[in-house]
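First the structure, in the form of structure tokens, and then the observations on it.
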Amino acid sequence: EPPSVAELESWERLRPGQELLDEVGATPLASDSGDDFRRRNGAEPSFEVNWIEGGAARTVVPAEARAFVTLRLAPGQDAAAIGAELERLLRNSVPAGVELELESHTAAPSLFAAELPAIQIAREAIDRASGMKTALIRSGGSIPVVADFAAAGIPVIVSGFGLAEDEIHAPNESFTLDHLDLSERCARELLQALAALPQD
């Protein structure tokens with residue numbers, strides 16, 4: 001599903017994609033990677049090889065190799081069907097005499113419209129608490145319960161307060177106390193706004 005007008009407008013307030021690519025020394029594969037950074041990195045499916053291990057630094061053919069890959073799905077895609085297709089492609093690529101073992105973890109993709117009242121309330125509450133305008137960011141992540149709520153028609157608000165230097169999911173991951181305080185203020189403001197809604 002293409003990004004909404006509200007999403008695109010909120011992306012305009014973020015740092016340019018090319019600036020982010022330059023900051024980490026990335027070499028884009030396409031000339032428009034910087035301009036199209038948010039869509040490519042959040043709104044479209046992707047396949048990444050995250051880790052490969054095998055062999056040693058000597059003249060011995062390794063008997064075993066391991067790899068870790070991730071496949072980010074876009075809203076509307078079927079995790080089971082795409083997982084089965086990925087397995088088929090991998091098994092069809094294995095040379096004769098090689099055994100392939102696969103382990104997988106899947107979660108269905110989900111997307112909540114920017115116009116939903118819960119999303120609007122969350123944006124306004126975070127704006128008030130932080131003094132900044134929120135941005136609507138699509139992000140990969142395996143949180144199966146979010147898809148379960150989406151299937152039940154219950155909107156979910158997932159917010160983040162970390163910065164690039166926090167090195168999320170890295171060995172030296174961190175989170176500053178200032179951001180912890182900010183997230184607590186925003187959560188309190190959001191809960192108060194939700195509590196003020198009329199009871200049906």
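The values are calculated or read from the model by the stated rules, or taken from the named source; none is laboratory data. Values in this document were obtained by computation on a predicted structure and should not be read as measured data. Positions of Cβ are backbone-derived with ideal geometry, glycine not excepted, and every protein chain shown enters the neighbour counts.
Annotations for the structure displayed:
- Some residue of segment 67-88 being more than 30 Å from S4 (Cβ to Cβ) and surrounded by fewer than 10 Cβ atoms within 10 Å (Cβ to Cβ): no
- Only residues that are loosely packed, with under 12 Cβ neighbours inside 10 Å, part of a loop (DSSP other than H, G, I, E, B) and without any contact (Cβ under 8 Å) to a residue 24 or more places away in the chain were counted in segment 169-200, giving 9.
- I119 without any contact (Cβ under 8 Å) to a residue 60 or more places away in the chain and surrounded by 15 or more Cβ atoms within 10 Å (Cβ to Cβ): yes
- Condition met for E124 (surrounded by fewer than 17 Cβ atoms within 10 Å (Cβ to Cβ) and touching a residue at least 12 places away in the same chain (Cβ under 8 Å)): yes
- Checking the stated criteria, V49 turns out not to satisfy the condition of being over 30 Å from A150 (Cα atoms) and exposed (fewer than 13 other Cβ atoms within 10 Å of the Cβ).
- Residues within segment 134-156 that are in contact (Cβ under 8 Å) with a residue 40 or more places away in the chain and either under 14 Å from the mean Cα position of the chain (by Cα) or under 17 Å from A193 (Cα atoms) (or both), tallied: 9
- Selection count, segment 89-99, where residues are surrounded by 10 or more Cβ atoms within 10 Å (Cβ to Cβ) and of a type in the set (A, V, I, L, M): 2
- Residues that are out of contact with any Leu (no Cβ under 8 Å at 6 or more places or on another chain) and either touching a residue at least 60 places away in the same chain (Cβ under 8 Å) or among the small types (G, A, S) (or both) within segment 39-72 comprise G42, A43, G54, G55, A56, A57, A63, A65, A67, T70, R72, listed in sequence order.
- Of the helices (runs of 4 or more DSSP H) lying entirely inside segment 1-118, those containing at least 3 residues that are small (G, A, S) span 79-93.
- Taking the criterion of being of a type in the set (D, E), out of contact with any Lys or Arg (no Cβ under 7 Å at 6 or more places or on another chain) and assigned by TED's automatic domain parsing to the domain that holds A164, the residues of segment 175-200 that qualify are D178, D181, E184.
- Residue check for A129: surrounded by 12 or more Cβ atoms within 10 Å (Cβ to Cβ), assigned to a helix (DSSP H, G or I), not assigned by TED's automatic domain parsing to the domain that holds G42 and not charged (D, E, K, R): yes
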